[in-house]
Amino acid sequence: MNRREMLHLSAAAIAGGLTPPGPPGMLHAADAKVSPDEMIHKYLAAEVERISKNVLDGAESKDEWEKKRPLLKQQFLDMLGLNPLPEKTDLKATVTGTLDRGEVAIENVHYQSRPGLYVTGNLYRPKVNNKKLPAVLYVCGHAGRGRDGNKAAYQDHGLWFASNGYVCLVVDTLQLGEVAGKHHGTYNLDRFWWHSRGYTPAGVECWNGIRGIDYLCSRPEVDPEKIGVTGISGGGATTVWVAAADDRVKVAVPVSGMSDLESYVTNKVINGHCDCMFAYNTYQWEWTTILALFAPKPLLFANSDDDGIFPMDGNRRIIARLRQAYEMLGAKDKMDEYVSKGGHAYRPDLRVAVFGWFHKHLKGDAGAVKDAEDPMIPGKNLRVFPEDVDLPKDAINATADEVFVQKAEVKLPAGPKEFPEWKAGLVKQLREKVFRYLPPATAMLEGHAGPGADEALPDAFRPDRGTEFAEYRPERGLWFPAYIRSKNGDKQIALVVLNPAEDHRKEAEFWMKHHPNDSQIVIYPRGSGPNRWPRKNPPNTVERSLALIGQTADSGRVWDVFAASAMRLGGRLRAVGRGQAGVIGAYAALFAKAKTGNNLIDEVVILDPPTSHRDGPHFLNVMRVLDIPEALGLLAPNVKLTLIGEKAKDKAFDRTAAIYKLAGAEDKFKRE
């Protein structure tokens, strides 16, 4: 087989014995050349369309849903970084002051949802009471009130509930509370290591809410069988998280807090939201499935008709899916919607709808209710920590992202006999929690090459004389370029993986000096080189959108290298690259297998590898499974691994050496 014929084969045909998706060299009309920005957004839209067909995880009956629900709940918690749930440690709840508002008493209280993770709030209760009362957890939206905390902006809800026979706990959020942390890690702080850690502030807000319910249930005046939750905007999102996660919640009213993937990703509404609004969609759920976990309990889905960050087309799709779920569960009267006229804010009619829903379903009173009419209390009076000097010295709120989700501590196997099972277990976890998105083999590589294939490229990305140029489509709608040089009958081939901004000519020359007898296939994986999509910080649209479809840019690049590795054609193949690109090549080597089970990549060479995924490449949840030294060790015993450069000497890679030794492949690991 000559190279030109090889370029027209799919990797599935080589690696899996499958046929290509179309006639050799044919370009699908849907894959016609577009700009990098248009290409990635068309891809995102197509993935959303595919994922959105799986409404309610495919359940079509009450029995099917009830069988699926336990696993779905576990997966949901996992997507928030809450699986397993943290230990419920002592809340250390402390009341720092009490306000007298006539018939209502307001307690300024703090508790620790985890040791050092402070939650500040105001507990509103009837001053005179001799019976157990229903309770509402009010979770705040993004209303900046400085040192007072955002709870000060929503005091009217606490006052209304307490004046009408409820206990209401209004809690600050992490970012805008009295003891502040961060919500905007990937939005504008470039903390994309949050993806690798599996950390989202949505998980913190959910956990803080669950512990808030613990506090409410500890109060003598609260009926623990009558707990509700509500909030607007970010609080609407947290309402969804808490209602889905905590079975003690009996009534929920999210207000302008959730849209669907079509809104967030396809229509780019994600740009209007911070990171607390999102779980990582590891399991590629249709988004409404999250709120459906609360069914069949009473749910009012409340919104406004002119809300740019929760648009009505998304609301209508969600309502239709929720009605489907509630009807399937025989509870269609327990779910309703309310749409207020106006923008992203409360108005009297919207508050009355919220209050009325709780009155009917939590208190059993279907009578008419009136809007809150209490005068506002100065925010300073609602502070839990009155002055800066009072703020807790042991608070971890500012560094919650560093400690909230536990990093994996990988215990090495006892010896060579245990190594295969140990390796298989970690690879299984990677496929289930990190790389679930990998397309089926039938969707692998389709190539196209021919005269003029490179004519549309900028000069910087044109091939040199003597270099063949090819385009490859690892998935429908995406393509990446490859530059091919042949030597010595392609007996040994270097697959050079490039970082996004690298010069393909310089890298080809560098690796040719290291491996002068190799043929070369130099590739720019997705989002690199001529296909580098525009990136604006904030809001980092593409990178954040990918997490909502269960991917990252880097995990997609692993697939591209995996697919390209099928071009070995009998020759030995080594994947080479600098830094993050080299690690991407290593993960591709781990997954790339021929139909026979043999590795498609025989060797991996990395110049200056990063010691941790904290520094990239970033894959969803990867540090909850392992880190780079262990991942490289999984290449043993069949794949030779060479680390070169100053960073190769780091003691972190002593662990990689130990794994190779345990696998009986000590001679296949080198550091230069």
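Quick check: is even one residue across segment 141-159 among the charged types (D, E, K, R), at pLDDT 95 or above and open to solvent by less than 10 Å² (accessible area, probe 1.4 Å)? Scanning segment 141-159 turns up at least one residue that is among the charged types (D, E, K, R), at pLDDT 95 or above and open to solvent by less than 10 Å² (accessible area, probe 1.4 Å). Taking the listed residues 635, 626, 620, the one that is open to solvent by less than 10 Å² (accessible area, probe 1.4 Å), within 23 Å of residue 413 (Cβ to Cβ), touching a residue at least 40 places away in the same chain (Cβ under 8 Å) and within 25 Å of the chain's Cα centre (by Cα) is 626, with no other qualifying. Test residue 508 against the stated conditions and say whether it is within 35 Å of the chain's Cα centre (by Cα), at pLDDT 95 or above, farther than 30 Å from residue 268 by Cα and open to solvent by 10 Å² or more (accessible area, probe 1.4 Å). For residue 508, the condition - within 35 Å of the chain's Cα centre (by Cα), at pLDDT 95 or above, farther than 30 Å from residue 268 by Cα and open to solvent by 10 Å² or more (accessible area, probe 1.4 Å) - is met.
Has segment 72-94 got any residue that is of a type in the set (Ser, Thr, Tyr), in a strand (DSSP E or B) and at pLDDT 95 or above? For segment 72-94, residues of a type in the set (Ser, Thr, Tyr), in a strand (DSSP E or B) and at pLDDT 95 or above: present. With respect to the conditions (1) open to solvent by less than 40 Å² (accessible area, probe 1.4 Å); (2) modelled with pLDDT of 95 or more; (3) not hydrophobic (A, V, I, L, M, F, W, C), residue 651 falls short on a single one, namely (1).
The numbered conditions (1) among the charged types (D, E, K, R); (2) surrounded by fewer than 20 Cβ atoms within 10 Å (Cβ to Cβ); (3) assigned to a helix (DSSP H, G or I); (4) out of contact with any Asp or Glu (no Cβ under 9 Å at 6 or more places or on another chain) are all true for residue 60 except (3). The residues of segment 329-357 that are in contact (Cβ under 8 Å) with a residue 60 or more places away in the chain and touching a Lys or Arg at 6+ places or on another chain (Cβ under 6 Å) amount to a single one, 329.
So how many residues does segment 188-209 have that are in a helix (DSSP H, G or I) and crowded, with 22+ Cβ neighbours inside 10 Å? Break it down into steps so the answer makes sense when it comes.
Taking segment 188-209 first, the residues in a helix (DSSP H, G or I) are 188, 193-197, 201-209.
Checking which are crowded, with 22+ Cβ neighbours inside 10 Å leaves us with 194-197, 201-209.
Residues flagged as in a helix (DSSP H, G or I) and crowded, with 22+ Cβ neighbours inside 10 Å within segment 188-209 amount to 13.
Contact map, segment 102-114: first residue of a type in the set (Asp, Glu), second residue open to solvent by 10 Å² or more (accessible area, probe 1.4 Å), Cβ cut-off under 6 Å, separation 6 or more or different chains; pairs are 103/127; 107/95; 107/98.
Here residue 108 clears all of (1) more than 30 Å from residue 281 (Cα to Cα); (2) touching a strand residue (DSSP E or B) at 6+ places or on another chain (Cβ under 9 Å); (3) exposed (fewer than 14 other Cβ atoms within 10 Å of the Cβ) except the condition numbered (3). Just one of the listed residues (50, 4) is at pLDDT below 50 and among the basic types (Lys, Arg), namely 4. Among the residues of segment 549-590, those identified as open to solvent by 10 Å² or more (accessible area, probe 1.4 Å), modelled with pLDDT of 95 or more, assigned to a helix (DSSP H, G or I) and more than 30 Å from residue 54 (Cβ to Cβ) are 579, 580.
Looking only at residues of segment 412-455 that are part of a loop (DSSP other than H, G, I, E, B), of a type in the set (A, V, I, L, M) and under 27 Å from the mean Cα position of the chain (by Cα), we find that the one that is modelled with the highest pLDDT is 434. Scanning segment 230-240 for residues that are open to solvent by less than 10 Å² (accessible area, probe 1.4 Å), farther than 21 Å from residue 363 by Cβ and of a type in the set (S, T, N, Q) returns a single hit, 238. Residue 176 fulfils the conditions (1) within 24 Å of residue 248 (Cβ to Cβ); (2) open to solvent by 30 Å² or more (accessible area, probe 1.4 Å) except for a single criterion, (1).
Among the residues examined, residue 118 does not qualify as of a type outside the set (Gly, Ala, Ser) and in contact with a Cys (Cβ under 6 Å, 6 or more places away or on another chain). In segment 393-411, the residues that are assigned to a loop (DSSP other than H, G, I, E, B) form no Cβ pair under 8 Å with any partner that is of a type in the set (S, T, N, Q), whether six or more places apart or across chains. The set of residues in segment 523-552 being among the aliphatic types (A, V, I, L, M) and out of contact with any Ser or Thr (no Cβ under 9 Å at 6 or more places or on another chain) consists of 523, 542, 548, 549.
The values are calculated or read from the model by the stated rules, or taken from the named source; none is laboratory data. Everything numeric in this text was worked out from a predicted model, so none of it was measured. Here the Cβ is made from the backbone with ideal geometry for all residues, glycine too, and neighbour counts use every protein chain on show. Remember, those area values only see protein heavy atoms, side chains included, never the ligands or the DNA or RNA. Shrake-Rupley method; radii C 1.70, N 1.55, O 1.52, S 1.80 Å.
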